[in-house]
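Structure, as structure tokens:
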């Protein structure tokens, strides 16, 4: 109503409708303050009405044209950021008010047929989903950390009654992810875990349960000597899982890769045959969809052929590369993933969801539950008043789980699948830009030939003094020290930071990884200049 | 400066000092808006100065007398909540501005000797600790999910360079917790994990590594048949760990408890002797400090005697009861915990820290690292420019970890140890109030005799129709259905929710758990009335 009127007085005279239209200026916040006062006094007069009418009376702020680049820390992003934050404050206080009103009214007339904690759902467009936030909500399921939070704060996920809407969000999102993986109708199972390492650990546990369910009760002594396979370039979490789950790291067999870091399928088959000849039982193969250092995608279809032939579980660790499934242009790199038995996919990596948000997806329904369920009587009562198949907690190796789904669900709603696709395409475009810029540039040397499959760009920078040195021990030793030195200088200056590591016989090299779509070509240019500025004379 | 002047005009004429003193009214927010504009224009004139002077020019808001009960959802908490939220908005934008100014200035004069991402640390009194939030910060350590967050957003914890201050906060807090446990000088090790179940899993892994380190490389086949012991009342995560880690649930031996749910030490010793006679190797004992259902504390000292005698690892699962260590009045219930080899303690339970926040503490230094380290070259480079003992990531079974420490550290700073003590004492007082109120009340029957050790109050409610029934099959069957029915009615009404479960031979009973210090005696009274209102006629 006061959408674009400049400089209204900061007195309690105006409604709050439209106060945060994108083009308003900072002065509008004076009106917000007023509107809070206004509504505050209204609420004291008619508490119930304000709670019920709120959602319908309130106009929506249009953030549809507002992007991260418009917000702080972007230059000139202050106004929009302030608007955005004030909107959040508004939503929070409106929620609380509605919730308080509904709680109070329920205490005086407790015949209502619906839980009042859902009253403001339609208003904030998200569901607090937690009747456990009320001081009157005594924990229903042994999770005592719930009481002190206001409604819109994420609660804890393990039973439907504790986090009804988050449970449904998780189910919906996991199904959608399985559809994108390519499993018919999105069938299967899955759960969000505290990170890719734990998701990968799940995959090994589930595979073991599928082939040797008696290990659950009798321990590893009940199984023959099981061996697992993974690329020498794979993430170290597979090794951690082998150790933790009682396989032993020596029974994790590392597979050779080609020059680009992709598993050589023939090496897998040879090692499977060798293991069988030794009397071991090949059980599990991890194919990496986007390796940590090179960003390499193992050839899933060829690996799947071997897994089928030898009856092994195929897991795809797409923690880093799974996001490419969202891109029509790049998802071919994961071709064959639909043949996997399980998939790790971390939206908190390539898709920009804040840590932690990692999913383990399982093609066959039932094994995740079978593997982990212990049927704790205090949590999972069969005589509950709702469909207890929504009580997902017993699938997890955890008990209460942090609500990781909400931010992801919200981002997906906000950006859409197309938004994620653009995000990913843009990052890959930027890494191609970097690659093309340095592949023939004086002083740079690529670690492997050809355009990177993912956004990982791996390169050495050679200070002038090294460029004329012949390849050999001295050059290698000196080059090994260059990246650490440049990185240290970067950290001292605070301008930027690029990681480095050795890999196999290759001495320390830089590895640029782009997952932030706020990065620009000018940032890339700056980085290249900065490396040269700091490293040229070393 | 304008601390208590009422109704200042919302024009850019006032400084922002003192604008959020506790007694200011809503109109003061008009001044906040103005001060943002004021500072905004100043910053555009002299970017560097604003970044450097900010911390010194700004006065601190005094929140020392502000408590949760003063904030929403409390009645009349709106004004303070608004002040609090606006203060947060102010801190955020000030940070961003300082950060932007420092980044920009560094790009033009990059000779600064300190990372500018630390500029605003002293200002907000917390450390964003993340140079990875800059679009210019290319991930240094293969963690690509960092770019898109503004500085004060928790980043990812595994190396010092990625989250320097969070790593230090974690070390400091873990040391403090170990001191409170009672280990000399707070020596030892530990890590925050995604929950009590994972912390308990760590304890079993570490114990196995201590006694049979070769299992890490060779698998469970390298060990004899190992057995673990835990109370029949213990949390089911011990069972999940036994299954996951390859011991098998049959090799987890359940210990008998007394009527109050506490382990009977003689039963432990008898079962250890029995296991040894069968040729098994007793390796690990879990003592529960605050059981899930009864809130029982196992007699740690007596269990520790047996563990020492038979050379077994003693773990104390204080996920739920560990918080009582903060209370001089109640910590005696955990006497002997200082003799444990490892302790699980979840600040996200009794201490009210938002989920997730769980610590696994280990008395001996080195075993946590030894158990889990895989020395991934891409993360943990020995040639870094700082003391790499701060790179805690390789201790974890995870790779990147969610920053769980920050909220806990902040709460501890805000409430103090004494604040946590009051919180805990109050919750225990309230449960004692409930217990005393219902122990002799018509229609109520306690599940076990005597005052509960923790805040768990377990009871049956008998509808009138059951009170005259003699004890027997019919009464048991009917009573079994009462708690589910009352809970369902509560959920339909939405007034409150209390959990129930059976335990052993005991039919469904209510279990009230109080961890929210915002609860009052009047809430307890309401609950009792509500149970009677809904259940009397069943």
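None of the figures in this text is laboratory data; all of them are computed from the coordinates on show. None of the values given here were measured: they were computed from a predicted structure. No Cβ is skipped: glycine too gets one built from the backbone with ideal geometry, and neighbour counts run over all protein chains shown.
Across the range B:388-520, Cα pairs under 8 Å and at least six residues apart give a relative contact order of 23 percent.
Across the identical copies, the 7 Å label point of residue B:224, projected outward along Cα→Cβ, sits 2.8 nm from its counterparts, in ascending order. The fewest-to-most ranking of A:536, B:433 by surrounding Cβ atoms within 10 Å reads A:536, B:433.
Per the Debye calculation on the range A:255-414 with a single equal scatterer at every Cα and no solvent contribution, log₁₀ I(q)/I(0) for q = 0.17 Å⁻¹ amounts to -1.09.
Cβ-to-Cβ counts within 10 Å put B:217, B:94 in ascending order as B:217, B:94, the fewest first. Across the identical copies, the label point of residue B:370 (7 Å from Cα in the Cβ direction) is separated from its matches by 3.8 nm, in order from shortest.
Specify the inter-centroid distance of the range A:300-370 and the range B:350-421, based on alpha-carbon positions, in whole Å. The distance from the Cα centre of the range A:300-370 to that of the range B:350-421 comes to 29 Å. For the peptides B:350-362, A:487-499, B:480-492, B:381-393, the ranking by packing is B:350-362, A:487-499, B:480-492, B:381-393, with the highest mean count of neighbouring Cβ atoms within 10 Å listed first.
Distances from residue A:439 to itself in the other copies, using label points 7 Å out along the Cα-Cβ axis, amount to 7.9 nm in increasing order. Per residue, the convex hull spanned by the Cα atoms of the range A:342-410 amounts to 112 cubic angstrom.
The residue B:375 and residue A:449 beta-carbon pair, evaluated with R₀ = 41 Å, returns a calculated FRET efficiency of approximately 0.90. Here the contact order of the range A:213-254, divided by its residue count and restricted to Cα pairs under 8 Å and six or more residues apart, works out to 41 percent.
Computed from the Cβ-Cβ distance with R0 of 30 Å, the FRET efficiency linking residue A:481 to residue B:211 stands at 0.15.
Taking other Cβ atoms within 10 Å as a rough exposure proxy, A:320, A:313, A:345 sort from fewest to most as A:313, A:320, A:345. The rotation axis that maps chain B onto chain A passes nearest to the beta carbon of this chain B residue, listed with its distance in whole angstrom: B:246, 1. Dimensions of the range B:415-535 based on its C-alpha atoms, expressed as ranges along the principal axes with the largest first, amount to 52, 31, 23 Å.
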